[in-house]
Structures are given as C-alpha cells and as structure tokens.
1. Which condition number does Asp167 fail, the rest of (1) in contact with a helix residue (DSSP H, G or I) (Cβ under 8 Å, 6 or more places away or on another chain); (2) farther than 30 Å from Asp111 by Cα; (3) acidic (Asp, Glu) being met?
2. Looking only at segment 160-209, how many residues end up being touching a residue at least 60 places away in the same chain (Cβ under 8 Å) and of a type outside the set (A, V, I, L, M)?
3. Within segment 121-140, is there a residue that is in contact with a Phe, Trp or Tyr (Cβ under 9 Å, 6 or more places away or on another chain), assigned by TED's automatic domain parsing to the domain that holds Gln75 and at pLDDT below 85?
4. Just give me the residues in segment 9-26 being modelled with pLDDT of 95 or more and either part of a helix (DSSP H, G or I) or under 18 Å from Pro264 (Cα atoms) (or both), in sequence order.
5. Could you tell me how many of the residues in segment 311-346 are over 16 Å from Ala288 (Cβ atoms), surrounded by fewer than 15 Cβ atoms within 10 Å (Cβ to Cβ) and either without any contact (Cβ under 8 Å) to a residue 40 or more places away in the chain or of a type in the set (Gly, Ala, Ser) (or both)?
6. Of all residues in segment 149-192, which are closer than 23 Å to Leu35 by Cα and part of a loop (DSSP other than H, G, I, E, B)?
7. Having 2 or more residues that are more than 30 Å from Asp193 (Cα to Cα) and modelled with pLDDT of 90 or more is the bar; report the helices (runs of 4 or more DSSP H) wholly within segment 246-365 that clear it.
8. Mind checking which pairs have a first residue in segment 62-75 that is surrounded by 10 or more Cβ atoms within 10 Å (Cβ to Cβ) and a second that is hydrophobic (A, V, I, L, M, F, W, C) and assigned to a helix (DSSP H, G or I), Cβ under 7 Å, 6 or more apart or different chains?
Amino acid sequence: MAKLSAARRLVIKIGSALLVEAGTGRLRDGWLRGLAEDVAMIRARGTDVILVSSGSIALGRGVLGLAAQTLPLEQSQAAAAVGQIRLARAYEDALAPHGITAAQVLVTLEDTADRRRYLNIRATFETLLGFGAVPIVNENDTIATDEIRYGDNDRLAAQVAVTVGADHLVLLSDVDGLYTGNPQSDPQARRLDHVAAITPEIEAMAGDPVSGLSKGGMKTKLMAAKTATVAGCSMAITQGAVQRPLLALEEGAPCTWFAPQGDPQTARKRWIAAMKEKGVLRIDTGAAQALKGGKSLLPAGVVAVEGAFGRGDPVAILSLDGVRLGLGLVRYTDEEARAIKGRHSGDIAAILGYPGRAALIHRDDMVL
C-alpha cells in the first residue's frame, strides 16, 4: 500500500466544503493554517507539493451576497473573479510564516488538452517547483465555459498530477474513502482500504455528492483515480475536515488508496512513444552520445530539420546515417528549429529575437 511519506512529488486537492464555511461563505482560517503546517512538514523532507484548491466561487458568492443555489454561468464567473483574489491571499498568508512562497496557476480543460499549452503549463510548474514555490491551482472559472471546463477539481487534480509527473495524489474530501455502498443509507456499507484496479464492480459503488458546496461526488473521484493510476500515480481519498489532515493520513487515518499502474516516468514515456511523428531532427554523433547519457537535445547537435511541425508536436530523432534514435516533443516550430540548428543555446535570443528554452527537446519529453 502507498505511503505518503514516500512521495517524491505530491498533489493535494482541497474541496470547497473544507475551506469555506457552509452558510456564511467565510474562510476556515484555522483549518487552512493546519494544512499549511502539513505542507511545510512534507516539503521539509524534500517532497514537491502542489495544491489544487476549490473555493473561489464559494468565497466570492459570499462577498457578493449571491444565493446558495446553483448560479448561472455569468454569476459563477463573477463570483470566481472576486473569490480568486481572496483565495490566493489566504494561501499566501497561511504559507508565508513557514517561509513558503505561494504561486497561483489558473487553467482550463482546453489548456491541458492542447499539447502546446500543456508543455507551457508543465514547464511553468517545473520552474516554480525548482524555485521552492507551492503552486495553488484552480480552474479558471472567470473565463471557462461549459465546453472547456473540467467542472470539478477532482479530475483537474488528477490531470495536474499527470502533467507534473506526480507519484502521489491525495483528495481531501468530506468522506473518508470509497465504500461498497452509501454509508449514510446502507448500514452494511464498508470502506475499501485498498483498490488494486478500478473494475466495473468498483465503479458501481460510486454515489452522489454529500456536501452542498462540493460539486464532485464519488463518480468524479473514481474518474480521477483512473486518470492518475494509469499515469503511475497512487491516489488516496481521505477525510479532510480534521485539523491536520495530511498528518492524520500519515498516522493511519481511514482512507482508500488506489494502486498505480507502473510509475509516472514510464507511463509518460509510453504516452509519447504512441504518438505519430510530425517531423524529423537529424543529429550529429556528439548529440547522439549525449542523449544516451541522459541529456536533453540542444540545437547545437542538430544538423538537419525535416517536415512541418509546431511546438509540442512529436518529432523523430535520427542519427546522421538515418538510424532512428528516439521520439520527442519538440519545443520549437520547424521554422524556429531550422533557424537555430547547429547554434549554441546562448545564441537563440539573438537569432529568433526573443528568449527561448535551451533545449530543442527536453529529456523528460523524449523516448529513446
């Protein structure tokens, strides 16, 4: 069974019902301070932490005096615009005493479905984590329409976990795990401590949302588990209302752990390997040796660019004599790649007229 203490990169989803008081629309400051203590504890042992937080609409509707029932899209977007400011400030204030910088990242389903935007998001996360910041992620409700929405932060959290290559995902919820039935109406219902695979029988156990603030029920949590585990990420559902929910989870609080199918890096490599190439990069002997040593592909090692491709597209990597070495997601268009091939990374800004990334293909986006 997975252990939180073993996490290398952890994504935590926080539901609205945990963060905002029902009826009053007020932030639960004490609970948030406890969560910040947990985050500081986990980061102190070298684990990267990303928070996917609901709450902006719930906070904003209280400020605007909007009714408790389901809001029209325009009112939800207005509430989100007001609430996002307060939500970001709340996390900043909670994490600052621990010396942790909070960063806000707003995304939509369209952002992660588009490969170019996906690469931008991934690069931003990696840079923020490299600086030691804790990204606070939310759906960009101020601009998202139904067609480009996740609609719930359970699935958004799973997609973030896949994007950043997380090995652990925790959904802090108003329930303490997956039950064989609805525990509120079925006295025989029992919690499953461990789920090895999400079968049709497991899916049949999902019920409806319990909280009046939360949009996601067990069905969306199982959808999140499917996304995360296929990408090699363990996922837990646990009760989040306690004062130190992550500490409680480490100390054996009731939960359901979903087993990963492999590891994140292997799953990502399989995803890339299944893509159809859009172009070709031919590289010299030195670059080929560097790739075998685990390095990224730099422009200096490229001798020829073939085909038409955009940023984020899959391109084949060939040796000078035509041997296929691998496949990767390129960080430049074909026109840009032709302009900078054979040149040092330090020359990119002068050639293109704007600063670019040092690698044509990063080693994490490459299958050899």
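The values are calculated or read from the model by the stated rules, or taken from the named source; none is laboratory data. Computed from a predicted structure; not experimentally measured. As a convention, Cβ positions derive from the backbone with ideal geometry for all residues, glycine included, and neighbour counts pool all protein chains shown.
1. (2)
2. Of the residues in segment 160-209, 10 are touching a residue at least 60 places away in the same chain (Cβ under 8 Å) and of a type outside the set (A, V, I, L, M).
3. Yes, segment 121-140 contains at least one residue that is in contact with a Phe, Trp or Tyr (Cβ under 9 Å, 6 or more places away or on another chain), assigned by TED's automatic domain parsing to the domain that holds Gln75 and at pLDDT below 85.
4. Within segment 9-26, Arg9, Leu10, Val11, Ile12 qualify.
5. Of the residues in segment 311-346, 3 are over 16 Å from Ala288 (Cβ atoms), surrounded by fewer than 15 Cβ atoms within 10 Å (Cβ to Cβ) and either without any contact (Cβ under 8 Å) to a residue 40 or more places away in the chain or of a type in the set (Gly, Ala, Ser) (or both).
6. Asp152, Gly165, Ala166, Asp167, Asp174, Val175, Asp176, Gly177
7. Where helices (runs of 4 or more DSSP H) fall fully within segment 246-365 and carry at least 2 residues being more than 30 Å from Asp193 (Cα to Cα) and modelled with pLDDT of 90 or more, they are 285-292, 334-340, 348-352.
8. Val63/Val82; Leu64/Ala78; Leu64/Ala79; Leu64/Val82; Leu66/Ala79; Leu71/Ala79
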